[in-house]
Amino acid sequence: MKQLHNTISLRFYALTIVMFIISACTSTPAEPTDAPFVCDDTLGCVTIAPDEAIQLGSLQVLSGNPAPLGMTQDQTIQLAISERTIFGHSIEVMSVDTLCSSEGGGNAALRLVANPQLVGVLGTTCSGAAVGALPTISDAGLVMISGLNTAPSLTSTLGEEGSDHKPGYFRVIPTGVAFASIAADYIFNELGITKAASINDGDAFSAGIAQVFRTQFTNLGGEIVGDLAISKGDENMGPLLEALVLSEAESVFIPIFQPEADFIINQGAEIEELEDVQFIAMESLFVQSFIDAVGSNGNGMYFLTATVADTPEIVELRENYEAMFGDAPQHSAYVYAYDAANMLLDAIEAVAIQNDDGTLHIGRQALRDAVAGTTNYEGITGMLNCDEFGDCSGATLLVVQMEDATLGREAVLDNVIKSYTLGQ
């Protein structure tokens, strides 16, 4: 196994804001009082009676091929809320399937905001679903924290506000800008390849990350010879693969999902001219279901992953997950869902005002300010700091290579080729 531990510092985050700014309808957090409560929060307050639970929403993909990603996120959130209460109040979560689409995300968000007692939202799984959900979630004055979205448009791209950015949105996983920049750096500087192509499927996640890749690869001195696109649901990849052959690309960046990626790799394996082309995929394909689907046709592929190395805390989390759900997490990003949930719960705890009878009052703007003010937060994935656009991660990204698909995902994860540390 190849082990290179070069660390490149990529600064994408402004880490200068203080922890949990608490404003609007807050006083000393959770200090019991019998004084009549008056909400002066600019976005309003949620009042939770003494015998009521704090209500959260979870927007994840729970059906179709990407479902293992969303199910793992959703179950980790359930685990996180089962471990705690907030000033004697239990926590409930309503999970809604976004179908991994913009329309599905929009419809799921409407279902959630119909509940006036909703305090915050965790999700989405797919960036495209976040694009559809965010206008509704943001207009309702809510906070939404994702453990898996990576589309640059949801926060910012190289310092510029993203086209889909909305107030109240945050994420704890590294942004797609980091993934795309690392892909460009690895292909150009490590593989020594000067001609590359990208393939996207048209949604915010895929198209946005592919665009950053092309920009960064060109900035390094490389040549983009193919800006290729498919549509979700495509099965015949013949025309795409023919265009790829004609482009003479030596490497291809594919920030897409199953099942379309399965068809590209399996059908591409039948074309002799593509035999030596280096494919590099995103976290979205670093799942056992993809490895099983492509088998030996995927041998030699590279993956970018935000998988966090085992620590005692993560080992304990995994054991608790297995005990609660009877199986191991299906995707390594469950650790980010855990951080997202706890960051939201800690912010709620920080801003809540408690009456003598146990009633809680939570200001919506106060909650947004608390999350936005997160700095040096010791998450299970590392130290979290939120910048002005809602990017909060400072994790390490890995480049791993699959040499033998029959050995499974864990063997691929052991084959680390290079690591890149963000935010240092």
Query raised in the report: With axes computed from alpha carbons, what is the tilt in degrees of helix 176-185 against the longest principal axis of the chain, rounded to the nearest 10 within 0 to 90?
Result: 30
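If you filter region 188-250 for GluC sites (Glu not before Pro), then keep DSSP loop positions with at most 15 other Cβ within 10 Å, what is left? Please list the in-between numbers first.
Working: sites: GLU190, GLU223, GLU235, GLU242, GLU248, GLU250; in loops: GLU235, GLU248, GLU250.
Those that pass, being in a loop and sparsely packed, are GLU235, GLU248.
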Report summary line: With Cα coordinates, the longest principal axis of the chain makes an angle with the long axis of helix 334-351, in degrees rounded to 10, of 20
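Tell me, what is the FRET efficiency for GLU270 and ALA53 to the nearest 0.05, using R0 = 56 angstrom and their Cβ-Cβ distance as r?
On the way: r = 55 Å, r/R0 = 0.98.
Approximately 0.55, to the nearest 0.05.
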Report task. Answer rounded, prolate or oblate for region 177-305, using the Cα gyration tensor with square roots of eigenvalues a ≥ b ≥ c: rounded when a/c is under 1.5, else prolate when a/b is larger than b/c, else oblate. Result -> rounded
Query - Where labels lie 7 Å past Cα in the beta-carbon direction, separation of SER90 and ASP414 in nm - result: 4.3
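Could you put CYS45, CYS392, CYS39 in order, starting from the residue whose Cβ has the fewest other Cβ atoms within 10 Å?
The most exposed by this proxy come first: CYS39, CYS45, CYS392.
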Query raised in the report: How large are Rg and Dmax for region 62-148 when only the alpha carbon atoms are used, in Å?
Result: 12.7, 39
Report summary line: Here, GluC sites (Glu not before Pro) of region 342-424 satisfying both criteria (DSSP loop; at most 15 other Cβ within 10 Å) are GLU388, GLU403
Requested in this report: Output the relative contact order of region 177-305, whole-number percent, from Cα pairs under 8 angstrom with separation of 6+ residues.
Outcome: 25
Report summary line: If exposed means trypsin sites (Lys or Arg not before Pro) lying in a DSSP loop and surrounded by at most 12 other beta carbons within 10 Å, then the longest stretch of the chain lacking such sites spans residues 12-424
Query - Computed helical MRE - 222 nm, the chain, DSSP H runs ≥ 4 contributing -39500 (n - 2.57), nearest 500 - result: -10500 deg cm²/dmol
**Report entry** Share of alpha-carbon pairs per 20 Å distance bin for the chain, given as whole %
**Finding:** 27, 56, 15, 1
Query raised in the report: Mind listing the phi-derived Karplus ³J(HN,Hα) values for region 223-234, rounded to whole Hz, using 6.51, -1.76 and 1.60 with θ = phi - 60°, and x for any glycine or proline?
Result: 10, 8, 9, x, 10, 9, 9, 10, 10, 4, x, 5
Query raised in the report: What angle, in degrees between 0 and 90 and rounded to the nearest 10, separates the Cα long axis of helix 67-82 from the longest principal axis of the Cα atoms of the chain?
Result: 30
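Got the relative contact order for the chain handy, in percent, Cα pairs under 8 Å and 6 or more residues apart? Please list the in-between numbers first.
Values: 998 pairs, mean separation 111.7, N = 424.
It comes to 26 percent, rounded to a whole number.
Taken together, the values in this text are just the output of simple stated rules run on the coordinates, not laboratory data. Predicted model, so just to flag it, every value in this text is computed and none were measured. Backbone-built Cβ (ideal geometry, glycine too); neighbour counts: all protein chains shown.
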